[in-house]
Amino acid sequence: MSLIVQKFGGSSVADAEGIKRVARRVVETQAAGHHVVVVVSAMGDSTDELLDLAGQVSSTASDAREMDMLLSAGERISMALLAMAIHGIGASAQSFTGSQAGMITDAIHGKARIIDVSPHRIRTAIEKGDIAIVAGFQGM
C-alpha cells in the first residue's frame, strides 16, 4: 500500500462545504488503496484576521513566540474540523498538531526551519487504517 500526502490550503478549507469536499476527496484516495496523510492550512482568510486582531491589541511588534502561538490556532481548527467531516462520512481519521506529528524545528520563532521529522504517531495512525491529518505551520 502506497503513502499519499495531500496538502490543502486555506481556500480549500475556507468553509464547511469546502471541508466536506476535502473529506470526500481524502476518503476516496484511501478507498483507492492508499495510506493517506493530509496537511491543512488555516481556513480561508483566518490567518489575516488573526494578524489584524493582533495589531488591534498591540501597537508594538508582537513577541514572535506569541505570534506563532496565535497563528497556529487556525491550523488546529482546520485539522479538527476535517477529522470530524471524515468521521461524518464513515471513515476514520486522527488529527495531529505539528509537535504531535513529530515536526522538529529550530528555535527561531517567526521563521523556524524544520530540522528533523519523527513521525511515530503518524505511522501508528496510518498502520491502523486511520487518515492522518497534520496541521501545517507548526513544529516543536
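Along the charge dipole of the range 2-135, which of 35, 57, 132 sits closest to the positive end, that is, farthest toward it, with unit charges on the beta carbon of Lys, Arg, Asp and Glu (+1, +1, -1, -1)?
Value computed over the given set: 35.
From the Cα gyration tensor of the chain, with a ≥ b ≥ c the square roots of its eigenvalues, which class applies: rounded if a/c is under 1.5, or else prolate if a/b is larger than b/c, or else oblate? Provide the component values of the computation, followed by the final result.
Values: a/c = 2.93, a/b = 1.51, b/c = 1.94.
Oblate is the answer for the chain, as a/c is 1.5 or above yet b/c matches or exceeds a/b.
How much of the accessible area of the chain, probe 1.4 Å, is carbon plus sulfur, in whole percent? Walk me through the intermediate numbers first.
Values: 4370 of 7930 Å².
Its accessible area is 55 percent carbon and sulfur atoms.
To the nearest 10 degrees, how steeply does helix 46-57 sit against the main Cα axis of the chain, on a 0 to 90 scale?
20
What order do 71, 81, 3 take when sorted by accessible area (1.4 Å probe), most exposed first?
Numbers: 71 20, 81 65, 3 95 Å².
Ranking 71, 81, 3 by accessible area, largest first, yields 3, 81, 71.
Can you give the accessible area of residue 109, probe radius 1.4 Å, in Å² rounded to 10?
Probe radius 1.4 Å; accessible area of residue 109 about 90 Å².
Heavy-atom accessible area per residue, the chain, 1.4 Å probe: how many Å²? Before the final figure, lay out the partial values.
Working: 7930 Å² over 140 residues.
Normalised by residue count, the accessible surface of the chain is 57 Å².
Using only Cα atoms, find the angle between the long axis of helix 16-31 and the longest principal axis of the chain, and express it within 0 to 90 degrees, rounded to the nearest 10.
Taking the Cα atoms of the chain, the angle to 16-31 is about 40 degrees.
Give me the accessible area of residue 2, 1.4 Å probe, in Å² rounded to the nearest 10.
50
Suppose we flag trypsin sites (Lys or Arg not before Pro) only when DSSP calls them loop and at most 14 other Cβ atoms lie within 10 Å. Which is the longest uninterrupted stretch of the chain?
Details: sites that count: 111, 113, 128.
Longest site-free region, per DSSP loop and neighbour criteria: 1-110.
Might you report the magnitude of the Cβ-based charge dipole of the chain about its Cα centre, with Lys and Arg at +1 and Asp and Glu at -1, to the nearest 20 debye? Walk me through the numbers before you get to the answer.
On the way: 12 positive and 15 negative charges, 115 e Å.
Result for the chain is approximately 560 debye, rounded to the nearest 20.
Just 73, 83, 54 to compare: in a GNM of the chain, with alpha carbon springs under 10 Å, which one fluctuates most?
54
Do the sum for the chain: with -39,500 (n - 2.57) for every DSSP H run of n ≥ 4, divided by all residues, what is the mean residue ellipticity at 222 nm, to the nearest 500 deg cm²/dmol?
On the way: 4 runs with 61 residues, N = 140.
Dividing the helical sum by the residues of the chain leaves -14500 deg cm²/dmol.
Among 32, 16, 85, whose mean-square fluctuation peaks in a Gaussian network model of the chain (Cα, cutoff 10 Å)?
Its mean-square fluctuation being the largest, the pick is 32.
Over the chain, what is the percentage of antiparallel beta bridges among all DSSP beta bridges, to the nearest 5?
On the way: 3 of 17 bridges.
Expressed as a percentage, antiparallel bridges in the chain total about 20.
The values are calculated or read from the model by the stated rules, or taken from the named source; none is laboratory data. Fair warning: this is a prediction, and the values are worked out from it, not measured in the lab. When we count neighbours, we look across all protein chains shown, and the Cβ atoms used for this are built from the backbone with ideal geometry, even at glycine. What goes into the accessible areas is simple: the full protein's heavy atoms, side chains included, and nothing from ligands, DNA or RNA. Shrake-Rupley method; radii C 1.70, N 1.55, O 1.52, S 1.80 Å.
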